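The values are calculated or read from the model by the stated rules, or taken from the named source; none is laboratory data. Remember, predicted model here, so these are calculated numbers, not experimental data. FYI the Cβ positions are ideal-geometry reconstructions off the backbone, even for glycines, and counts take in every protein chain you see.
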Amino acid sequence: MRIQKAIDDSKARGEKKAPAAAKKVEAAATEIVPKECVWMKAKVVAYRLCYTNYQCASCDFSQMMQEQRANLKDDAAAGKMLSALKSLPAGERKCRYMLSGNVAFRTCNKLYECLRCEYDQLIQDNILNK
């Protein structure tokens, strides 16, 4: 309430710059709020938050999970992880672009191996061409 009053007062005085309190509120609004990681949503890990806004290619944890899966194809733990992913109903295998709100509906059919996904490549190409 006080912040809005300060903004209104500065507008009434004809000031062009927003008060410092208003700038802090704007900065806080643009911060990334942690969300559930795709690996947590896929029920592969019990608890993990995403701090990269579902940019899995830039996430160290996601890269570690991909490497672990690739290196341990014959391992029982990797087999359990793949079984868990494959057994999820399509509604629970949400694409990272759906989780981030970029698309209304898209399921993951590559078991969260985004680097192998043609849809991920299409989206990345569109982002780079803008």
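Identify, from the list 41, 35, the residue that is among the basic types (Lys, Arg), modelled with pLDDT of 80 or more, touching an Asp or Glu at 6+ places or on another chain (Cβ under 8 Å) and surrounded by 16 or more Cβ atoms within 10 Å (Cβ to Cβ). Break it down stepwise before answering.
Details: 35 fails: touching an Asp or Glu at 6+ places or on another chain (Cβ under 8 Å).
One residue alone meets the criteria, 41.
Among the numbered criteria (1) farther than 22 Å from residue 122 by Cβ; (2) touching a strand residue (DSSP E or B) at 6+ places or on another chain (Cβ under 9 Å); (3) loosely packed, with under 14 Cβ neighbours inside 10 Å, which one does residue 46 miss?
Failing condition for residue 46: (2).
Answer yes or no as to whether residue 110 is free of Cβ contacts under 8 Å to residues at least 24 places away in the same chain and either within 17 Å of residue 40 (Cβ to Cβ) or not assigned by TED's automatic domain parsing to the domain that holds residue 44 (or both). Walk me through how you get there before you give the answer.
Details: free of Cβ contacts under 8 Å to residues at least 24 places away in the same chain: yes; either within 17 Å of residue 40 (Cβ to Cβ) or not assigned by TED's automatic domain parsing to the domain that holds residue 44 (or both): no.
Spelling it out, it is not the case that residue 110 is free of Cβ contacts under 8 Å to residues at least 24 places away in the same chain and either within 17 Å of residue 40 (Cβ to Cβ) or not assigned by TED's automatic domain parsing to the domain that holds residue 44 (or both).
Could you list all residues from region 78-93 that are basic (Lys, Arg) and buried (at least 19 other Cβ atoms within 10 Å of the Cβ)?
93
Residues being part of a helix (DSSP H, G or I) and touching a Phe, Trp or Tyr at 6+ places or on another chain (Cβ under 8 Å): count how many of those fall in region 67-113.
Looking only at region 67-113, we keep the residues that are part of a helix (DSSP H, G or I), and these are 67-71, 76-87, 90-92, 96-99.
Now restrict to residues that are touching a Phe, Trp or Tyr at 6+ places or on another chain (Cβ under 8 Å): 85, 96-99.
Count: 5.
Identify all residues within region 114-130 that are touching a residue at least 24 places away in the same chain (Cβ under 8 Å) and loosely packed, with under 15 Cβ neighbours inside 10 Å; write none if there are none.
115 - this is the single residue of region 114-130 that is touching a residue at least 24 places away in the same chain (Cβ under 8 Å) and loosely packed, with under 15 Cβ neighbours inside 10 Å.
Could you please let me know if residue 51 is over 20 Å from residue 36 (Cα atoms), at pLDDT 85 or above, out of contact with any Asp or Glu (no Cβ under 8 Å at 6 or more places or on another chain) and aromatic (Phe, Trp, Tyr)? I'd like the intermediate steps shown before the answer.
On the way: over 20 Å from residue 36 (Cα atoms): no; at pLDDT 85 or above: yes; out of contact with any Asp or Glu (no Cβ under 8 Å at 6 or more places or on another chain): yes; aromatic (Phe, Trp, Tyr): yes.
Answer is no for this residue.
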